[in-house]
Amino acid sequence: MFVVPLIERKRDGGALSPEEWSACIAEYTAGRLPDYQMAALLMAVVLRGLERQELAALTDAMLASGQRLSFESWTAARIDKHSTGGVGDKVSLVLAPLVAACGVAVPMMSGRGLGHTGGTLDKLEAIPGFRTGLSLAEAKAQVMKLGCALIGQTPEIAPADRRLYALRDVTGTVEAIPLIAASIMSKKLAEGLTGLVLDVKVGSGAFLPPVAQGLELAQTMIALGGDRGCPTVALLTAMDRPLGRACGNALETEEAILALRGEGPPDLMEVTYALGVEMLLAAGIETSTKKARKKLEAALSSGLAAEKFEQVIEAQGGNPKVVEDPSVLPQAEAVEVFLAPETGVVTRVDPRTIGRAVVALGGGRQQVDDVIDPTVGFVITVKPGDRVLEGEPIASVFAKDAGGVKLGFEALGQAIVIGDRLREKPLPLISHRVTTDGIEDLTRSPAGAV
Ligand code: URA
């Protein structure tokens, strides 16, 4: 295929036809279009965007590059959630078993770390033995038996996205509404869902920080889902600081397990419950936010959600003891406590600096085939607005050696800013709800006032 004229057309602001998008994706998936040409085309999309019919064609071509989970006559509601990516965002690990424990089938297909953000698959694979590469047949059987499977993109599912995702991660082509929307929706539409809930991150640590862009991304994905028979709802949530306390694969898995045992940090729990409520409503299991929230809280406090996670881990080859004893997770060689350098108010905990430092410590990929070190990362116990005293412990670095600790300390020194007062208000934790009916500003209602 002679792709240069297509790259040039896109570069110059023109559009590719649906047939051209379909051919590009088919050739790329088959290995006949090289990475460097696809990277050039992706960069042209980052700079020029996609027209509506181009986005539809790209998404459909990515979806068609693989197979789809088909539940045939199994009529149970099947709902998933997907996040656009954040730092410390371990919501999926808590939410999937929690919602499954409430009786909703959750065939969750997740991604790996991308850019400065972490990925659910990398977090799950911190659990010794855990296998995310289930075949479609295995995933389907597990969802029908346990109500939940936590899987990655096997070669069968949206293989085009699998390759594009890895390529975008290392070519500066992540940050574009159409590429994020097509990537997420091609995976989600392959899952045979009856509904989808999106967690669209906004703020400095999100791929698209401005709220206006988050809203546009949400509306773009909702339209793609709705047009393809998958009713989709989105919440906009804050990513101007890390979510929860832990950032780094095994550390986040441990925090997720603690959350399932009722010891999760308040911000992580609020986002998890809000998304869980949407999933129960989408499944038709509950008809009001209040009842849905109660059901979720009961599933968590009764231990049912933790038990469900144990069952899923066991079914996917992992060591289920991790739920009872998170020390089963791999542990960092070097751990050091970071002390507040001065007395004052924490004005910023910059998620991008933290996310990039996790990658630099070895917890993410700088090249496509880098191997992840699950043990490294940070636990940061302060949030913007907290008062601290000089010398007070406010974070810990988990690294593989003294060099890593030094790097981690430098990152914390940059990321955690202490001043005399909070100058900029942190973003509301949950700011908007977006549906096909429009945009609801939750800061005007109790749900967002956290
Ligand atoms: N998550 C995805 O699956 N794809 C993206 O492009 C960004 C976040």
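For region 75-87, enumerate the residues that are in contact (Cβ under 8 Å) with a residue 12 or more places away in the chain and more than 15 Å from the ligand (Cβ to nearest atom). If the condition is that a residue be in contact (Cβ under 8 Å) with a residue 12 or more places away in the chain and more than 15 Å from the ligand (Cβ to nearest atom), then 76, 77, 78, 79 are the ones that fit. Within region 248-269, the residues that satisfy the criterion of being in contact with a helix residue (DSSP H, G or I) (Cβ under 9 Å, 6 or more places away or on another chain) and either more than 22 Å from residue 320 (Cα to Cα) or among the hydroxyl-bearing types (Ser, Thr, Tyr) (or both) are 253, 265, 268, 269. Annotation note: of 368, 379, 345, 322, the sole residue that is in a strand (DSSP E or B) and within 26 Å of the chain's Cα centre (by Cα) is 379. Return a yes/no flag: does region 26-40 have any residue that is without any contact (Cβ under 8 Å) to a residue 24 or more places away in the chain, of a type in the set (Val, Ile, Thr) and at negative phi. No, region 26-40 contains no residue that is without any contact (Cβ under 8 Å) to a residue 24 or more places away in the chain, of a type in the set (Val, Ile, Thr) and at negative phi.
Of the residues making up region 419-428, none is within 25 Å of residue 293 (Cβ to Cβ), in a loop (DSSP other than H, G, I, E, B) and open to solvent by less than 10 Å² (accessible area, probe 1.4 Å).
Scanning region 47-93 for residues that are within 22 Å of the chain's Cα centre (by Cα), of a type in the set (A, V, I, L, M) and within 18 Å of residue 28 (Cα to Cα) turns up 55, 58, 62, 63. With respect to residue 237, determine if the residue is crowded, with 24+ Cβ neighbours inside 10 Å and either in a helix (DSSP H, G or I) or in the same structural domain as residue 308 (by TED's automatic domain parsing) (or both). It is true that residue 237 is crowded, with 24+ Cβ neighbours inside 10 Å and either in a helix (DSSP H, G or I) or in the same structural domain as residue 308 (by TED's automatic domain parsing) (or both).
Among the residues of region 160-186, the ones that are more than 8 Å from the ligand (Cβ to nearest atom), open to solvent by 20 Å² or more (accessible area, probe 1.4 Å) and closer than 19 Å to residue 367 by Cα come to 8 in all.
Where helices (runs of 4 or more DSSP H) sit wholly within region 55-164, those with at least 3 residues that are touching a helix residue (DSSP H, G or I) at 6+ places or on another chain (Cβ under 6 Å) occupy 91-101, 120-124. Considered as a group, the residues in region 47-63 that are of a type in the set (A, V, I, L, M, F, W, C) and surrounded by 18 or more Cβ atoms within 10 Å (Cβ to Cβ) include one that is farthest from residue 12 (Cα to Cα), and that residue is 63.
Within region 187-216, the residues that satisfy the criterion of being open to solvent by less than 10 Å² (accessible area, probe 1.4 Å), within 13 Å of the ligand (Cβ to nearest atom) and under 12 Å from residue 83 (Cα atoms) are 188, 196, 198, 199, 200, 201, 206, 214.
Residues are listed down the side, and each one gets a yes or a no for (1) under 30 Å from residue 128 (Cα atoms); (2) within 21 Å of the chain's Cα centre (by Cα); (3) modelled with pLDDT of 95 or more:
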{"residue": "204", "(1), (2), (3)": "no, yes, yes"}
{"residue": "216", "(1), (2), (3)": "no, yes, yes"}
{"residue": "239", "(1), (2), (3)": "yes, yes, yes"}
{"residue": "250", "(1), (2), (3)": "yes, yes, yes"}
{"residue": "258", "(1), (2), (3)": "yes, yes, yes"}
{"residue": "301", "(1), (2), (3)": "yes, no, yes"}
{"residue": "306", "(1), (2), (3)": "yes, yes, yes"}
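Note on region 94-130: residues that are within 16 Å of the ligand (Cβ to nearest atom) and out of contact with any Cys (no Cβ under 6 Å at 6 or more places or on another chain) amount to 19. Listed by first and then second residue, the pairs linking a residue in region 280-306 that is within 19 Å of residue 107 (Cα to Cα) to a residue that is among the charged types (D, E, K, R) and assigned to a helix (DSSP H, G or I), with Cβ atoms under 9 Å apart and 6 or more places separating them unless they lie on different chains, are 280/291; 280/293; 280/295; 285/295; 299/308.
Just checking, does region 31-38 include any residue being open to solvent by less than 10 Å² (accessible area, probe 1.4 Å), within 15 Å of the ligand (Cβ to nearest atom) and farther than 30 Å from residue 257 by Cβ? Within region 31-38, one or more residues are open to solvent by less than 10 Å² (accessible area, probe 1.4 Å), within 15 Å of the ligand (Cβ to nearest atom) and farther than 30 Å from residue 257 by Cβ. Selection over region 1-30 of residues that are surrounded by 15 or more Cβ atoms within 10 Å (Cβ to Cβ) and among the aromatic types (Phe, Trp, Tyr) gives a count of 2.
The values are calculated or read from the model by the stated rules, or taken from the named source; none is laboratory data. On a predicted model such as this, the values are computed, not experimentally measured, just so you know. Glycine gets a Cβ as well: all are built from the backbone with ideal geometry, and neighbour counts include every protein chain shown. All accessible areas refer to the heavy atoms of the entire protein, side chains included, with ligands and DNA or RNA removed. Shrake-Rupley method; radii C 1.70, N 1.55, O 1.52, S 1.80 Å.
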